[in-house]
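The structure appears right after this line, and notes come after that.
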Amino acid sequence: MSELTKLTIAEARDALRRGDVTSVELTEACLSAIDGADPLGAFVHKTPEIALERARAADARIKAGDAPGMCGIPVGIKDLFCTEGVPSQAASKILEGFRPEYESTVSGQLRDAGAVMLGKLNMDEFAMGSSNETSVYGNAVNPWRAEGSNAALTPGGSSGGSAAAVAADLCLAATGTDTGGSIRQPAAFTGTVGLKPTYGRASRWGIVAFASSLDQAGPMTKTVRDAAIMGAAMMGHDPKDSTSADLPVPDFEAMLTGDIRGRVIGIPREYRMEGMPAEIEALWTRGREMLADAGAEIRDISLPHTKYALPTYYVIAPAEASSNLARYDGVRYGYRAKLAQGDGITEMYEKTRAEGFGAEVRRRVMVGTYVLSAGYYDAYYNRARKVRTLIKRDFEEVFAAGVDAILTPATPSAAFELGKEFDDPVQMYLNDVFTVTVNLAGLPGLAVPAGLDAQGLPLGLQLIGRPWEEGDLLNIGHALERAAGFVAKPGKWW
Amino acid sequence: MSIDSATAAKVAKLARIRVEDAELPALAAEFNAILGFIEQLQELDVDDVEPMVSVEPMRLKRRDDVVTDGDRQAQVLSNAPDAREGFFAVPKVVE
């Protein structure tokens with residue numbers, strides 16, 4: 001049975017169509033794997049009844065010959081997505097008990113394509129974090145462990161539950177969201193594939209908002225092919241999201257030829273960070289050689305404003321968060337603090353938000369409030385928006401010069417121990433140093449597992465593409481994946 | 001730019017998040033660490049740079065100005081911590 005959960009989406013789809021397996025069998029195998037994996041803390045709300053009902057419907061659809069690629073595929077959904085009638089808490093106490101009356105566009109598209117929701121996945125509270133340690137549910141734990149060690153490692157964040165679930169074969173794939181690296185960093189930490197689409201590709205409607213000008217949903221999968229199949233099912237124009245692009249979504253899977261001869265790959269010199277571990281440097285060099293061997297032209301490039309990306313992000317993201325999270329006031333949904341005699345509405349707001357938000361969320365909301373407040377708006381927020389223009393311009397210039405994609409490390413280290421970086425917010429923010437530029441520039445980014453470090457932990461490389469060129473990006477990622485030949489799996493200890 | 005406890009208290013008030021007085025110095029120290037990190041942005045000359053409004057240049061779509069939804073009182077109120085007689089209930093606002 002457990003072998004079924006190890007299938008990729010493409011393998012399961014083909015087996016379903018051949019009649020070798022049913023969606024109910026696949027779903028039951030995943031549900032039993034999930035029940036045996038509580039120590040991973042990945043699934044925080046299990047939905048076995050919904051899963052089996054959808055699996056039966058998918059089997060009927062497959063039999064009738066009317067089945068898109070995702071039909072019958074069991075997936076996990078990050079807790080940030082509103083799912084009708086099912087708890088959707090963004091891993092926050094302030095949304096305790098919230099059961100949306102509606103379905104997010106992205107999870108609705110997957111549902112309509114026949115995908116089977118197994119449950120909701122752990123994450124950092126409101127997607128604010130890089131280690132899944134700010135969750136009200138407790139930590140998600142990486143299925144990978146360093147050789148000869150029992151120390152619990154972070155699966156990364158904010159989509160830590162999604163990454164842990166896919167890496168541990170609890171589901172065939174999962175949804176994630178990425179505001180500063182929250183799909184790509186956890187994918188790299190768990191040896192899985194994560195795609196952040198171009199800003200505007202996937203609808204944000206029904207996804208709990210963190211920083212609206214940066215947030216994008218994307219697939220977290222076992223292979224690049226699966227990211228192409230699931231990604232296409234998640235993307236597309238949505239009239240309910242005014243920033244959603246009215247552009248056709250190509251058949252990404254059909255674009256995976258593996259032929260990248262003549263493609264120009266940029267290597268940005270500013271991503272060679274001081275103090276970067278030698279293993280990351282070596283992996284990056286190997287990635288460059290692999291793409292060159294596949295016929296790509298490697299070109300050294302410069303993205304001069306890279307070092308300003310993190311400080312820019314830590315103005316813009318908290319500013320937008322302080323505005324978005326103003327809606328959690330204890331009136332319309334979720335948690336309301338118990339009030340004392342004589343407390344008025346202001347005390348209700350202040351107590352509800354103090355008790356309902358965790359420490360990192362409170363910190364970011366207040367930093368955002370500060371940078372938007374009278375007297376500091378120009379010095380911080382407007383300046384950050386101007387620097388963001390410069391960061392995007394860096395990318396526009398290299399693309400205009402003929403670069404098709406950019407290769408960088410995905411993270412500055414392998415997965416670290418839970419608890420290790422939690423007390424220093426600025427240190428934690430450095431996790432996103434290679435990924436955050438991509439959100440600021442609105443570009444598509446792909447994390448591909450490319451090797452193991454000396455301790456046997458997975459490391460990932462990131463490819464950054466031109467806007468709206470996810471197909472081309474996935475094809476280059478496919479070539480890299482094939483050359484890297486990453487097949488390692490975590491040993492089961494849970 | 002250094003943030004003291006009084007400024008931290010003002011920011012907490014603006015954000016409508018209760019912070020006990022005893023916690024204000026630690027909060028101010030955290031703000032200072034984060035703002036120190038952000039301070040690097042002052043190095044750049046951005047005088048002639050337009051602030052970014054939209055990351056992908058596109059014209060926002062318009063739709064007809066008509067009602068397309070509504071009549072969902074029960075659904076709208078279904079998640080309220082306190083709803084009475086078709087309204088959200090809150091502590092008394094007007095004396």
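The values are calculated or read from the model by the stated rules, or taken from the named source; none is laboratory data. This one's a predicted model, so the numbers in the text were calculated from it and none came from an experiment. Using ideal geometry, Cβ is built from the backbone for each residue, glycine included, and neighbour counts are taken over all protein chains shown.
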If A:ALA483 meets every condition in (1) in a strand (DSSP E or B); (2) out of contact with any Pro (no Cβ under 8 Å at 6 or more places or on another chain); (3) surrounded by fewer than 24 Cβ atoms within 10 Å (Cβ to Cβ) apart from one, which number is that one? (1)
Quick one: would you say A:VAL361 is within 24 Å of the chain's Cα centre (by Cα) and not in a loop (DSSP other than H, G, I, E, B)? yes
Looking at the stretch A:332-354, I want the residues that are farther than 22 Å from A:ALA321 by Cα and more than 7 Å from chain B (Cβ to nearest Cβ) and have a partner that is crowded, with 20+ Cβ neighbours inside 10 Å and modelled with pLDDT of 95 or more with Cβ atoms under 9 Å, at least 6 apart or on another chain. Which pairs are those? A:LYS338/A:LYS351; A:ALA340/A:LYS351
Flagged in the stretch A:355-388 as facing chain B (nearest Cβ under 9 Å), among the hydroxyl-bearing types (Ser, Thr, Tyr) and either in contact (Cβ under 8 Å) with a residue 12 or more places away in the chain or surrounded by fewer than 20 Cβ atoms within 10 Å (Cβ to Cβ) (or both), in numbering order, are A:THR369, A:SER373, A:TYR376, A:TYR380, A:TYR381
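Can you say whether A:GLY342 is at positive phi, in contact with an Asp or Glu (Cβ under 8 Å, 6 or more places away or on another chain), part of a loop (DSSP other than H, G, I, E, B) and not hydrophobic (A, V, I, L, M, F, W, C), as far as the supplied structure shows?
Numbers: at positive phi: yes; in contact with an Asp or Glu (Cβ under 8 Å, 6 or more places away or on another chain): no; part of a loop (DSSP other than H, G, I, E, B): yes; not hydrophobic (A, V, I, L, M, F, W, C): yes.
Considered against the rule, which asks whether it is at positive phi, in contact with an Asp or Glu (Cβ under 8 Å, 6 or more places away or on another chain), part of a loop (DSSP other than H, G, I, E, B) and not hydrophobic (A, V, I, L, M, F, W, C), A:GLY342 comes out as no.
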Regarding the stretch A:318-326, can at least one residue be identified that is part of a loop (DSSP other than H, G, I, E, B), surrounded by 20 or more Cβ atoms within 10 Å (Cβ to Cβ), within 28 Å of the chain's Cα centre (by Cα) and hydrophobic (A, V, I, L, M, F, W, C)? no
Out of A:THR221, A:THR179, A:THR198, sole residue that is more than 30 Å from A:ASP293 (Cα to Cα) and in contact with a Leu (Cβ under 9 Å, 6 or more places away or on another chain): A:THR179
Within the stretch B:1-18, the count of residues that are within 7 Å of chain A (Cβ to nearest Cβ) and buried (at least 18 other Cβ atoms within 10 Å of the Cβ) comes to 6
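Name the residue that is nearest to A:TYR102 (Cα to Cα), counting only residues in the stretch B:86-95 that are in a loop (DSSP other than H, G, I, E, B) and facing another protein chain (nearest Cβ under 9 Å).
Restricting attention to the stretch B:86-95, the residues satisfying the condition of being in a loop (DSSP other than H, G, I, E, B) are B:86, B:89-95.
Imposing the further condition that a residue be facing another protein chain (nearest Cβ under 9 Å) reduces the set to B:89-93.
Numbers: B:ALA89: 23, B:VAL90: 25, B:PRO91: 28, B:LYS92: 31, B:VAL93: 31 Å.
Taking the candidates together, the pick is B:ALA89.
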With the checklist (1) part of a helix (DSSP H, G or I); (2) under 30 Å from A:THR437 (Cα atoms); (3) not β-branched (Val, Ile, Thr) in hand, flag the one item A:MET348 doesn't pass. (2)
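Among the residues of the stretch A:289-303, is any under 25 Å from A:ARG385 (Cβ atoms), within 14 Å of another protein chain (Cβ to nearest Cβ) and among the small types (Gly, Ala, Ser)?
First pass over the stretch A:289-303, keeping only residues under 25 Å from A:ARG385 (Cβ atoms): A:301-303.
Subsequent filtering for residues that are within 14 Å of another protein chain (Cβ to nearest Cβ) retains none.
No, every residue in the stretch A:289-303 fails to be under 25 Å from A:ARG385 (Cβ atoms), within 14 Å of another protein chain (Cβ to nearest Cβ) and among the small types (Gly, Ala, Ser).
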Does A:ALA410 satisfy the criteria of being among the small types (Gly, Ala, Ser), within 14 Å of another protein chain (Cβ to nearest Cβ) and touching a helix residue (DSSP H, G or I) at 6+ places or on another chain (Cβ under 7 Å)? no
Boolean, A:GLY65 is within 14 Å of chain B (Cβ to nearest Cβ) and either at pLDDT below 95 or surrounded by fewer than 23 Cβ atoms within 10 Å (Cβ to Cβ) (or both): no
On the basis of being over 29 Å from A:THR369 (Cβ atoms), more than 7 Å from chain A (Cβ to nearest Cβ) and modelled with pLDDT of 95 or more, does B:ALA22 make the cut? no
Residues that are crowded, with 16+ Cβ neighbours inside 10 Å and within 23 Å of A:ASP394 (Cα to Cα): does the stretch A:254-261 have at least one? no
Of the residues in the stretch A:152-177, those that are assigned to a strand (DSSP E or B) and either within 14 Å of another protein chain (Cβ to nearest Cβ) or aliphatic (A, V, I, L, M) (or both) number 3
Determine if the stretch A:93-104 includes at least one residue that is more than 14 Å from every other protein chain (Cβ to nearest Cβ) and either surrounded by fewer than 24 Cβ atoms within 10 Å (Cβ to Cβ) or not aromatic (Phe, Trp, Tyr) (or both). yes
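Among the residues of the stretch B:64-85, are any in contact with a helix residue (DSSP H, G or I) (Cβ under 7 Å, 6 or more places away or on another chain), more than 8 Å from every other protein chain (Cβ to nearest Cβ) and over 28 Å from A:PRO304 (Cβ atoms)? Talk me through it step by step, then tell me what you get.
Start the filter on the stretch B:64-85 by keeping residues that are in contact with a helix residue (DSSP H, G or I) (Cβ under 7 Å, 6 or more places away or on another chain), which leaves B:83.
Next cut, more than 8 Å from every other protein chain (Cβ to nearest Cβ) only: B:83.
Narrowing further to those that are over 28 Å from A:PRO304 (Cβ atoms): B:83.
Yes, some residue in the stretch B:64-85 is in contact with a helix residue (DSSP H, G or I) (Cβ under 7 Å, 6 or more places away or on another chain), more than 8 Å from every other protein chain (Cβ to nearest Cβ) and over 28 Å from A:PRO304 (Cβ atoms).
Is it the case, given these coordinates, that A:GLN427 is more than 17 Å from the chain's Cα centre (by Cα) and without any contact (Cβ under 8 Å) to a residue 24 or more places away in the chain? Show your work before the answer.
On the way: more than 17 Å from the chain's Cα centre (by Cα): yes; without any contact (Cβ under 8 Å) to a residue 24 or more places away in the chain: yes.
Criteria met by A:GLN427.
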Count, please, the residues in the stretch A:443-456 that happen to be farther than 13 Å from A:GLU281 by Cα and crowded, with 24+ Cβ neighbours inside 10 Å. 7
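Looking at the stretch A:389-400, is at least one residue in contact with a His (Cβ under 7 Å, 6 or more places away or on another chain), assigned to a helix (DSSP H, G or I) and within 11 Å of chain B (Cβ to nearest Cβ)?
Step one: of the stretch A:389-400, the residues in contact with a His (Cβ under 7 Å, 6 or more places away or on another chain) are A:390-391, A:394.
Right, trim to assigned to a helix (DSSP H, G or I) and you get A:390-391, A:394.
Next, only the ones that are within 11 Å of chain B (Cβ to nearest Cβ) stay: A:390-391.
Yes, the stretch A:389-400 contains at least one residue that is in contact with a His (Cβ under 7 Å, 6 or more places away or on another chain), assigned to a helix (DSSP H, G or I) and within 11 Å of chain B (Cβ to nearest Cβ).
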